[in-house]
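K.L.:
Here it is: the structure, laid out below.
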């Protein structure tokens, strides 16, 4: 896959804006088409978003405490909010982007109540939207090379902060799921959470800390908490520098709880997927169980006895030999 290269940041900004505008037009067309269909049922499940003033020390979505789920069972309200979720790409005022989802749920459309042509149009519109999302995912990885300035180095993170400060790229590129399968007989909403573990080197983490310190240092005035965070990062970096280069480290990344769906087909065939945005279900008769509040579960740590913690905030662990 060949990534695009732009001659200036202005050209790159324009390309992204054009692509997002085109995506919004297609989503608007989809929503207008949904308005013409006969909707069998619709449900939406939302949680309160994290406020900016609660993000420093509070982690309400890390799986350690209960997550209350607001169920929107009114078909009209759920339908309206689901359509909004399809194009909800930006931070809401006063909130962070740390939520793993905005609104889970589904829109159920019965083929018996709608024409075959209207169903086919719906499927094609969803395919078009996902093709545009895939193109945007590639566009977000593009590079900027200025031939007039050999000292210029493109910083992707700085670029998006400066030009698209409230854009949540993951929301833009998330696939819009449509299920059209007559063999589906049961759908079960539940919460999914897991831990990812990646092998890293001390130098990998030192480089990451340098980037974090650079990010903190860009602020014109540092708060006392930011200064403490920077000091803690420097101490961790010094410790990592003292380790042999072949030291085995593990970066344990907790995936916050998020809604997921188990789908049961006729013949007890199952599959599942996460549900960060509502999906479209084309089915005449399918039983659906709703999403309940998330309840934390105590799981034994798999790192005890083999790994020791280097930095709990960064989730770095060192192999004990």
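The values are calculated or read from the model by the stated rules, or taken from the named source; none is laboratory data. None of the values given here were measured: they were computed from a predicted structure. We place every Cβ from the backbone using ideal geometry, glycine too, and count neighbours over all the protein chains shown.
K.L.:
Quick check on the range 290-316: of everything there that is in a strand (DSSP E or B) and either touching a helix residue (DSSP H, G or I) at 6+ places or on another chain (Cβ under 8 Å) or modelled with pLDDT of 90 or more (or both), which residue is farthest from residue 192 (Cα to Cα)?
P.N.:
310
K.L.:
Does residue 81 meet the test of being at pLDDT 65 or above and surrounded by fewer than 19 Cβ atoms within 10 Å (Cβ to Cβ)?
P.N.:
no
K.L.:
What number goes with the only condition from (1) farther than 15 Å from residue 157 by Cβ; (2) modelled with pLDDT under 90; (3) not assigned by TED's automatic domain parsing to the domain that holds residue 71 that residue 215 does not pass?
P.N.:
In the conditions (1) farther than 15 Å from residue 157 by Cβ; (2) modelled with pLDDT under 90; (3) not assigned by TED's automatic domain parsing to the domain that holds residue 71, residue 215 misses (1) alone.
K.L.:
Here's something else I'd like to know. Would you check if there is a residue in the range 168-186 being in contact with a strand residue (DSSP E or B) (Cβ under 7 Å, 6 or more places away or on another chain) and more than 30 Å from residue 265 (Cβ to Cβ)?
P.N.:
Within the range 168-186 (the criterion being in contact with a strand residue (DSSP E or B) (Cβ under 7 Å, 6 or more places away or on another chain) and more than 30 Å from residue 265 (Cβ to Cβ)), the answer is yes, since at least one residue qualifies.
K.L.:
Here's a follow-up. Considering only residues that are assigned to a loop (DSSP other than H, G, I, E, B) and touching a strand residue (DSSP E or B) at 6+ places or on another chain (Cβ under 8 Å), look in the range 247-271 and name the one that is farthest from residue 186 (Cα to Cα).
P.N.:
247
K.L.:
I would also like to ask the following. Which pairs have Cβ atoms under 6 Å, sit 6 or more apart or on different chains, and link a residue in the range 8-19 that is closer than 10 Å to residue 159 by Cα to one that is loosely packed, with under 15 Cβ neighbours inside 10 Å?
P.N.:
13/163
K.L.:
Based on what the data block shows, is residue 110 assigned by TED's automatic domain parsing to the domain that holds residue 81, surrounded by 17 or more Cβ atoms within 10 Å (Cβ to Cβ), more than 25 Å from residue 20 (Cβ to Cβ) and touching a residue at least 24 places away in the same chain (Cβ under 8 Å)?
P.N.:
Values: assigned by TED's automatic domain parsing to the domain that holds residue 81: yes; surrounded by 17 or more Cβ atoms within 10 Å (Cβ to Cβ): yes; more than 25 Å from residue 20 (Cβ to Cβ): yes; touching a residue at least 24 places away in the same chain (Cβ under 8 Å): yes.
So residue 110 passes the test.
K.L.:
Conditions first: (1) outside the structural domain of residue 84 (by TED's automatic domain parsing); (2) loosely packed, with under 15 Cβ neighbours inside 10 Å; (3) at pLDDT 85 or above. Residue 284 passes all but one, so which condition is the exception?
P.N.:
(1)
K.L.:
Within the set of pairs 6 or more residues apart or between chains, which connect a residue that is within 30 Å of residue 280 (Cα to Cα) and outside the structural domain of residue 17 (by TED's automatic domain parsing) inside the range 151-179 to a residue that is modelled with pLDDT under 90 and assigned to a strand (DSSP E or B) with Cβ atoms less than 6 Å apart?
P.N.:
The qualifying pairs do not exist here.
K.L.:
Determine whether the range 55-67 contains at least one residue that is in contact with a helix residue (DSSP H, G or I) (Cβ under 8 Å, 6 or more places away or on another chain), surrounded by fewer than 18 Cβ atoms within 10 Å (Cβ to Cβ) and modelled with pLDDT under 95.
P.N.:
yes
K.L.:
Specify which of the listed residues (208, 169, 141, 175) is surrounded by fewer than 18 Cβ atoms within 10 Å (Cβ to Cβ), at pLDDT 90 or above, within 26 Å of residue 255 (Cβ to Cβ) and touching a helix residue (DSSP H, G or I) at 6+ places or on another chain (Cβ under 6 Å).
P.N.:
So the residue among 208, 169, 141, 175 that is surrounded by fewer than 18 Cβ atoms within 10 Å (Cβ to Cβ), at pLDDT 90 or above, within 26 Å of residue 255 (Cβ to Cβ) and touching a helix residue (DSSP H, G or I) at 6+ places or on another chain (Cβ under 6 Å) is 175.
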